[in-house]
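Here's the structure, in structure tokens; my notes come after.
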Amino acid sequence: MVSPFTVLVFLVFWDTGLAGLNPLSSELYRRCYKNGTCRLECFGSEMLVSYCMFQLECCLKGNPDP
């Protein structure tokens, strides 16, 4: 039987290990077109200017010219 300490160590390091394998972790909040930011969804005060990898949206603050 596995000791509770071993299970605790496994659970603590499991999330840290998966963070490096997640493809979104490197793309999220990355700079994109015209100094925008890649996000899952643009905020109300931002404008969608293009798309990033993995269907993320490239958002630009304010209301830029078309």
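No value in this document is a laboratory result; all are computed from the given coordinates. In this text the structure is predicted, and so the values were computed from the model without any measurement. Counting neighbours? That spans all protein chains shown, and the Cβs are built from the backbone with ideal geometry, glycine included.
Points to keep in mind about this one:
- Summed side-chain charge close to Leu60 - residues other than Leu60 whose Cβ falls under 9 Å, Lys, Arg +1, Asp, Glu -1: +1
- Long-range amide H partners of Cys52 with built H, under 5 Å: Glu57, Cys58
- Other-chain or far-sequence residues with amide H under 5 Å of Cys42's (modelled H): none
- Backbone phi angles across the range 50-62, fed through the Karplus curve with coefficients 6.51, -1.76 and 1.60 (θ = phi - 60°), yield HN-Hα couplings of 6, 10, 9, 5, 6, 6, 7, 9, 8, 10, 10, 5, x Hz in residue order; Gly and Pro are listed as x.
- For Cys32, the residues 5 or more places off, or on other chains, whose built amide H falls under 5 Å of its own are Thr37, Cys38.
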